[in-house]
Amino acid sequence: MHFKKDKTTMLNFISFGSGSSGNCYFFYNDTDNLMVDVGVGIRTLKKHFSNYGLSLSQIQNIIVTHDHADHIKSVGCISKDFHIPVYATATVHHGIERNYCVRAKVPVGNKHVIENGVMQKLGNFNITSFHVPHDSMDCVGYQIEHEGMTIVLATDVGEITDEIRKAISVADYLIIEANHDEAMLMSGPYSAYLKQRVSGPNGHLSNKNCAKVIAEEASEKLKHIWLCHLSEENNHPELARITIEQTLAEAGKPIGGSLKLDVLKRKIPTGVFKLTSDNEQD
């Protein structure tokens, strides 16, 4: 295995898509890598990887948040073609097997079951999943530890739980859903049923509630926030950014200096971001 060498960073992060059209996140360095969700089409993903000087054959492990198509569409195909282990809860694995959008299923030999709250070692990554309320068969977030840094990912969040709060409080790096602006959702084109689903306790996290939980739980060690899974119809990147910036400023945790904020693009890659375990960030 060989990746492009970067002496100034311990880990690189690229988002290959973040939203209802497909979600896929990749963390890597010279020796270690980890993919989270594979909801982007296989041809598109191959092209993106090639553009970054990477190859799908280099992927070591995949972890999955939940069984909706925009997170798993290509997981079976990639796992089968490149013999990549796939880690998920037993219920998520069952959901992948049942999902008609996943034409190629994950081979039995590549399926590995994780349990919430139980740390799983994948190379130099320590992975711990936690429950996230969402209207899939099951949904989890991840606390990912690597070489002294802690990355927390929470997407498709119906409501904030104590487990999510605890994870955010220990994060050096946070990838969190800011799906919709509440006013845009309620005045937008969705049916009453969809509006209720999105805003309900098993739906998606609003800009307001995303900002509120970060303001309440983020510690001084938090270096970078990425807003993910923005709705195309019910949100706007700048609106999400401003909502989070204003709320954090009011809480005495302003963006700028040691704390950065970015909004992940919905349909094209965002990054490369460089993650370090010290107080410096390139």
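Looking only at residues in the stretch 26-50 that are of a type in the set (S, T, N, Q) and either surrounded by 16 or more Cβ atoms within 10 Å (Cβ to Cβ) or touching a residue at least 12 places away in the same chain (Cβ under 8 Å) (or both), the one that is farthest from residue 273 (Cα to Cα) is 44.
With the condition kept exactly as written, say whether any residue in the stretch 97-112 is under 30 Å from residue 201 (Cβ atoms) and in contact (Cβ under 8 Å) with a residue 40 or more places away in the chain. Scanning the stretch 97-112 turns up no residue that is under 30 Å from residue 201 (Cβ atoms) and in contact (Cβ under 8 Å) with a residue 40 or more places away in the chain. Of the residues making up the stretch 222-262, those that are buried (at least 16 other Cβ atoms within 10 Å of the Cβ) and in contact (Cβ under 8 Å) with a residue 60 or more places away in the chain are 226, 228, 229, 230, 231, 240, 243, 244. Summed over the stretch 186-207, the residues that are touching a residue at least 40 places away in the same chain (Cβ under 8 Å) and crowded, with 22+ Cβ neighbours inside 10 Å give a count of 3. On the stretch given as the stretch 20-44, residues that are over 23 Å from residue 179 (Cβ atoms) and outside any loop (DSSP other than H, G, I, E, B) total 5. If you go through the stretch 52-72 and keep only what is farther than 12 Å from residue 35 by Cα and buried (at least 24 other Cβ atoms within 10 Å of the Cβ), you end up with 66, 67.
Read-outs: derived from the displayed coordinates by stated rules, not from any lab. Please read these numbers as outputs of a predicted model, since none were measured by experiment. We place every Cβ from the backbone using ideal geometry, glycine too, and count neighbours over all the protein chains shown.
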